[in-house]
Amino acid sequence: MEAPVFEEFDPASDCDCPGCVSRRRAVLNSPSARFGGHPPAHRALIVATATAAALGAAHALPAVAAPQAPERPGVPAGDEPDTPQGGKAPLHGPAGRPAHPGGVAGPVKTPATTRADIIRRAKEWVSAQVPYSMSTYWYDGYRQDCSGFVSMAWNLPRNEWTGSLNQYGTRISSEELQPGDILLFHNPTDPEKGSHVVVFGGWTDYTHSYYIAYEQTRPTTRRQATPYAYWSNSDRYVPYRYKGLTATPPDTGTGVAEPVGSGEGTKGESGDVAATPFPGRMAFGPGANNRYVTLLGRLLVERGGARFYASGPGPRWSASDGWATLAFQRAQGWTGADADGIPGPRTWSLLVSGKGRNIDDAPLPPGTGTGTGTGAAPVTGAAGPPASAPRIPAYPGRGVFRPGARNAYVTQLGRQLVKKGFGRYYTTGPGPRWGEADRRAVEAFQRAQGWRGGAADGYPGPETWRRLFP
């Protein structure tokens, strides 16, 4: 069984990589804006300047995006990828050198593939730390630049470039993005050096302001949380969906096929549950939101998993689904990778057929317990919340913690800081209006976690919030 897919995304404000640290330092050193925060006046602005004449150039160009997101000012130069690319070329390249860009000869071939396979191939390069190069080719035959990486992830029959990748996809909106789609920026004024393309790996949270990008950039393939649509030239990236994609649901936006019938019922209701095919592991795990998750939860409740759910089950994957799945798997006597909290084909088959052992009342091993809907999930041997752990309140987003903000979340944060022993900065309160006392208390808490520099900026991100409310 493959490794579990549970992941937790640290917030940008809690990230201590050099790029994030430098970016936050630039923000903090900017003068305050009229309504709080830091204006972009003293930041570097990158302006998209493609003209109608450039759009009429001889290259085969994808459509230039309409504005979808504001520019991200203040991005350090190091975060802008230096990604010159080769042109169209056969696998392994013509004598190791990329061909000059040109139009697609003959009909476009789009071999069938799935979202899971696209992400799996992307992760293989990330794991292998493939060095960036526009003139060399990895052992699988794909060029080691950004467009070669996407050609590999989409399993195309040859190496494409940013001027031709759009012909293999269908343009979509940002709201339709799902794992395995791409965000493509083709710069007609400098097509071989000013363009870039990334594989979309899923949104990091409900705000859809950051997503996981898989991309080939210097020095090696990387996977990281990225502001939508990108660090710069944000309004010029265009989302595309691969034309050869299979097992895509109609009009659901979930990235997985829907169950047979209504998908809302279990045994005895509309739709034959026993005939419902396994949708694949991509249908489950953090970020999943579809009818299969609801069906899984209801089947687990029927098999003795009700104690893991404080509410629901529902269509959005939560830690409750993970713990209940883990309990069912262990009830079958499975251990190790066979009991990772994500339903595989065997788990699904037993649940929909009503076979196998039910979940008993025995407590899970130490380090596991009732989920809280945070999206975290059990991994064999990993620590989890005890069964009596209080529910962690949902992280409200960065916008509620800024100069001038006034809301109940600020009060809730301040009281928890006082409870944790970081209340010495408050002369009154805590209260609902965000102030310097709140920021200094948060900074002190972050430093107590061992964070330094921009990772301890005094503004709570999801990871700070999670640690404050254990």
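The values are calculated or read from the model by the stated rules, or taken from the named source; none is laboratory data. Keep in mind it's a predicted model, so treat the numbers as computed, not measured. All Cβ positions, glycine included, derive from the backbone under ideal geometry; neighbour counts span all protein chains shown. Side chains are part of the model used for accessible areas, which takes the heavy atoms of the whole protein and leaves out ligands, DNA and RNA. Shrake-Rupley method; radii C 1.70, N 1.55, O 1.52, S 1.80 Å.
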Practice task
Sort the following peptides by mean Cβ neighbour count (other Cβ atoms within 10 Å, averaged over residues), highest first: 431-444, 340-353, 414-427.
Solution key: 340-353, 431-444, 414-427
Fill in the blank from the handout: Output ordering of 447-453, 122-128, 318-324 (per-residue mean of other Cβ within 10 Å, highest first) is 318-324, 122-128, 447-453
Practice task
Return one whole number: the accessible area per residue of the stretch 134-234 in Å², for a 1.4 Å probe.
Solution key: 29
Handout entry: Theoretical FRET efficiency, 1/(1+(r/R0)^6), r = Cβ-Cβ of GLN449 and THR427, R0 22 Å, to 0.05
Key = 0.30
Fill in the blank from the handout: Once both label points are put 7 Å beyond Cα along the C-beta direction, the ASP338-ARG406 separation in nm becomes 6.1
Handout entry: Cα-derived Rg to Rh of the stretch 104-180, Kirkwood definition
Key = 0.96
Exercise for the section: Take each of the peptides 142-153, 298-309, average the number of other beta-carbon atoms within 10 Å over its residues, and list them starting from the highest. Expected result: 142-153, 298-309
